[in-house]
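Step one of this worksheet: look at the structure below.
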Amino acid sequence: MTFREHMKKGLGLNNLGHAYNDIYFLIIPLLLPFLKAEFNLTYAQSGLILTGHLGVRSLFSYISGHLGDKYDKRFIISAGFIISSFFLASLILAGSITSVVVYLLLLAIGVATFHPLATAMAGEDAVPEYRAFHMGIFETTGAIGIILASLTFGLAVQNWGWRQTCLLLSLPGLPLAWAYLKIKKEEVDPLSIAENNVDRFYIILFIIARGIRGLGIGVIMSFLPTYGTDHLGLSAGAVSWLMTLFFIGGIFGALGGGWLSDKSSPLLLVWVTTVITVPLTILITYTGSPLIVYILVFIFGIVNSAFFTPQNCWLTMVSTVATRGKVLGAAFLIEGFSNTISPALFGWIADNIGLAGSFRWSVVPVALSLIFFLKLYNLQLRGELSCRKYEELCS
């Protein structure tokens, strides 16, 4: 199959689904300022809502990844879209914060089905020599979906309210669910070996490092809109542009990260992007100028997406067809649990020292993850990542 044919295959429904699912994926950070204002929530309470949602989403990411290795990925993704659409639409009935939280927790179950399975499908569909770039395009479509939501969400809420806006956003999920069931299933060899011979211990170490990094990144992703309203005095429309710039940067980062990963080592790019994240986070908190913050957030978006493309590519390369969903599901599980802890922990810190101070403390786990990524990259350079028992990867 030619590169063009692979692109048509990969850029079809799977990437369209990614664009739409990422609207679900990050709906709570967009909602938080409005929930906080309507229900008089503290930062800690806002963090607990994120904690519950992310915890459920993380657990079901692993469950769906494991099921995807055993059953039809298309059916599981389709079911996820139906669940997500139903409970996002149900928010229009929510009259209390309790009902909002219940619907958001149930929404998380549907959202969790997509990323581990669709990421595995994107890697399997790609031409090997262009795999990272192809997966960068997959990441890009997710950013495009968020950009569209960010551009319209604040304005839509101002005109119709957040409940009605969530109802409108839920509608495309049902035709997408139907379309996934229509995809022709291709037979693949479940016993095919991984492309890179990497010991299972180092795969686990990589997933742990990713989780530690997520502990610091999670608070930025969760509270950036709130930071814009509370500390920079931005309106809902202006905050939507803040998030839009983050994800526009994500487009450049995903494509550039994919291209660079095909030319060099994904592990090297993972380490470099994590290094850059530390000073960027600190700089965002030391300026009161919205213009400078806009620029820094745009760069942050580039760096953040340039991290995700190579690390997803690396996990795809070191796993087999029989274990890929489980490996990616485990990665989303560990990172998700970090993101689950992050809003509650750093929300509590923000209640005590302010949100800017909380952002500064978030660089500690990011810096810690650097040690693990650097160790893995050095082992790769010395050729010491190989399995002692390669058959373990297929067990």
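Summary of computed values
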item: Among residues of region 105-115, those that are surrounded by fewer than 24 Cβ atoms within 10 Å (Cβ to Cβ) and touching a His at 6+ places or on another chain (Cβ under 7 Å), counted; result: 1
item: Yes/no for S150 being of a type in the set (G, A, S) and at pLDDT 75 or above; result: no
item: Which numbered condition I183 fails, given (1) at pLDDT 75 or above; (2) open to solvent by 30 Å² or more (accessible area, probe 1.4 Å); (3) aliphatic (A, V, I, L, M); result: (1)
item: Region 316-350, residues that are open to solvent by less than 10 Å² (accessible area, probe 1.4 Å), over 21 Å from S369 (Cα atoms) and of a type in the set (A, V, I, L, M, F, W, C); result: A350
item: Residue pairs meeting the criteria (Cβ under 9 Å; at least 6 apart or on separate chains; first of a type in the set (S, T, N, Q), in region 361-384; second open to solvent by 60 Å² or more (accessible area, probe 1.4 Å)); result: S369/I208; N378/E384
item: From the options L245, L296, residue that is over 27 Å from N40 (Cα atoms), free of Cβ contacts under 8 Å to residues at least 40 places away in the same chain, touching a helix residue (DSSP H, G or I) at 6+ places or on another chain (Cβ under 9 Å) and of a type outside the set (F, W, Y); result: L296
item: From I292, I284, I302, residue being aliphatic (A, V, I, L, M) and open to solvent by less than 30 Å² (accessible area, probe 1.4 Å); result: I284
item: Residue match in region 64-83 (condition: open to solvent by 50 Å² or more (accessible area, probe 1.4 Å), over 26 Å from T226 (Cα atoms) and of a type in the set (F, W, Y)); result: yes
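The values are calculated or read from the model by the stated rules, or taken from the named source; none is laboratory data. The model shown is predicted, which means the values in this text are computed figures rather than measured ones. Reconstructed Cβ throughout: ideal geometry from the backbone, glycine too, with neighbour counts over all protein chains shown. The protein model used for the area step is the full one, side chains on, heavy atoms only, and it has no ligands, DNA or RNA in it. Shrake-Rupley method; radii C 1.70, N 1.55, O 1.52, S 1.80 Å.
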